[in-house]
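Notes follow the structure.
The values are calculated or read from the model by the stated rules, or taken from the named source; none is laboratory data. Note that the structure is a prediction, hence the values are computed from the model and not measured. Cβ: placed from backbone, ideal geometry, glycine included. Neighbour counts: every protein chain shown. The area values use the complete protein model at the heavy-atom level, side chains included, leaving out ligands, DNA and RNA. Shrake-Rupley method; radii C 1.70, N 1.55, O 1.52, S 1.80 Å.
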Amino acid sequence: MARRIAIVGASMGGLRAAEQLRSAGWEEEILVIGGEIHPPYNRPPLSKELLKSPGSIQEALAAVTLRQRRTATGIDWKLGAPVTGADLKGRTLTLATGEQLGYDGLVVATGLRPARVRVPGPLHGRHVIRTLENSLGLHRELQPDARIVVVGAGFIGCEAAATATLLGCRVTLIEGSSGPMQRTLGRELSEGMRSFLTQRGVECISGERVAAFTWNDDGAGGTQRCTGVRLAGGREVQADAVIEAVGSQPNVEWLAGNGLDLSDGVLCDGHLRVLGTEHVVAVGDVARYPDRRTGTGPRRVEHWATPADTAKIAAPALVAGLNGTETPEPVAPLPAFWTDIFGIRVQGVGSPAVADRIEVLEGDPSRPADGAALAYYLGGRLIGAVTSALPADRQLHYRKLVTEAGLLASSQLAAV
Ligand SMILES: Cc1cc2nc3c(=O)[nH]c(=O)nc-3n(C[C@H](O)[C@H](O)[C@H](O)COP(=O)(O)OP(=O)(O)OC[C@H]3O[C@@H](n4cnc5c(N)ncnc54)[C@H](O)[C@@H]3O)c2cc1C
């Protein structure tokens, strides 16, 4: 009987894992089980071009659906079927329908869901952006002159603020404890991005947190609808819709009860094998793995390139484990990300978020739209670079510098 590798999560991580399993020589069954009803789709447009102009659901889906590699054949899909539990010793998955499925190898690819602002209030009128439906539902609220409050100034919050402004909305961005995208970009470039957002019409409120939502009945049968936020400093900001962009939570509950470290995603070794298990690997946003470029210990990396990078390591390791062959030495992925805000592209490589020193290499970060590049160091080693509004060749140049800065030896890594 053919052995089965089950992949839980049918988004980019699930798709890339299936493709890489075939590339690694796995010719037996691959079953991808996904909670969403859609085939794998691309999420970055959900806060950018698709949020601006989605068209019908069919058009939107066609615009974002990911293509499966032609060489990756014979993959079975079970969509709209959330997995609610796993018995890793018995190698059995339980689906929301009650159905049980056995497997020989398992890939965890369940990604993240948005965190919510933890103060009471009705959900009506409040939005998050992770799924196609989220983006389409939010788009309907972004009417010219609508008052939109965005809570959280990370990448998704800043992108949504820019998109809503381009659609003619009046946008207030509540930054929270750090400035726009500051955790990744650092203070100087973040301040430049704040000026840029402000010049384009976004009102940025710094150093404030939401203490309460305000709401009223919309008159249609007494449904309560959010009408804005009250800030800890006392100010009230009225809104026709609120966007919550305050981070995310890994989808790991279905793995509970198996003795795993699920404190922040799924803890893996350098081969993406889930620690404390046999024949289980993790890929994409949910995987927490050691970083050979910074030595800062296991981290999750929430970027578009991560599903493909991690699948290239995880799939051969899983196949080698199942076939009893030698596990190939893993390549160390170089994280890469980008964001598009009011027509300027900010691109990064490496791990700028863990830097202890930042140096301006080119341009002026206080004017990001005019072009800038920054280098990020940890303990004197170059570990990342970010460019803003620079041509592709400059970006490639900085990418090369970070690549050449090299890897740490295994002995220098934080213990895993
Ligand atoms: C709005 C938005 C904009 C972004 N923009 C950028 C950008 O500009 N640049 C960039 O680098 N990155 C960006 N990203 C990040 C990038 O899209 C993610 O890193 C990538 O989607 C991660 O893919 P994944 O497959 O690991 O996880 P996900 O895409 O989260 O997929 C996980 C899948 O697993 C399913 N699932 C969860 N639990 C279960 C379960 N129990 N059973 C079955 N299925 C389950 C989920 O429904 C989902 O379909 C953006 C993300 C978002 C949301």
- [ ] Considering only residues that are in a helix (DSSP H, G or I) and open to solvent by 20 Å² or more (accessible area, probe 1.4 Å), look in segment 3-35 and name the one that is nearest to the ligand (Cβ to nearest atom).
- [x] R16
Task: Scope segment 335-355; condition farther than 27 Å from G105 by Cα, in contact with a Gly (Cβ under 7 Å, 6 or more places away or on another chain) and open to solvent by less than 20 Å² (accessible area, probe 1.4 Å); matching residues - done: F337, G348, V349, G350, S351, P352
- [ ] Scan segment 36-54 residue by residue and report those that are open to solvent by less than 50 Å² (accessible area, probe 1.4 Å) and within 10 Å of the ligand (Cβ to nearest atom).
- [x] H38, P40, Y41, N42, P44, P45, L46, S47, K48, L50, L51
TODO: Evaluate the following for I57: is it closer than 30 Å to L138 by Cα, away from the ligand (no atom under 14 Å from the Cβ) and in contact (Cβ under 8 Å) with a residue 40 or more places away in the chain?
DONE: yes
Task: Every residue from segment 279-293 that is more than 15 Å from the ligand (Cβ to nearest atom) and closer than 25 Å to R43 by Cβ - done: D291, R293
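Every residue, every condition in (1) farther than 30 Å from I148 by Cα; (2) loosely packed, with under 15 Cβ neighbours inside 10 Å; (3) acidic (D, E), yes or no:
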{"site": "E208", "(1), (2), (3)": "no, no, yes"}
{"site": "V246", "(1), (2), (3)": "no, no, no"}
{"site": "G265", "(1), (2), (3)": "yes, no, no"}
{"site": "C268", "(1), (2), (3)": "yes, no, no"}
{"site": "R273", "(1), (2), (3)": "yes, no, no"}
{"site": "T294", "(1), (2), (3)": "yes, no, no"}
{"site": "G297", "(1), (2), (3)": "yes, yes, no"}
{"site": "I313", "(1), (2), (3)": "yes, no, no"}
Task: Residue check for A63: of a type in the set (A, V, I, L, M) and in contact (Cβ under 8 Å) with a residue 24 or more places away in the chain - done: no
Task: Set R225, R230: member being touching a Phe, Trp or Tyr at 6+ places or on another chain (Cβ under 8 Å), charged (D, E, K, R) and free of Cβ contacts under 8 Å to residues at least 60 places away in the same chain - done: R230
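Whether any residue in segment 143-156 is assigned to a helix (DSSP H, G or I) and within 18 Å of the chain's Cα centre (by Cα) is what I want to check.
First, pick out the residues of segment 143-156 that are assigned to a helix (DSSP H, G or I): 155-156.
Restricting the remaining residues to those that are within 18 Å of the chain's Cα centre (by Cα) gives 155-156.
Yes, because at least one residue in segment 143-156 is assigned to a helix (DSSP H, G or I) and within 18 Å of the chain's Cα centre (by Cα).
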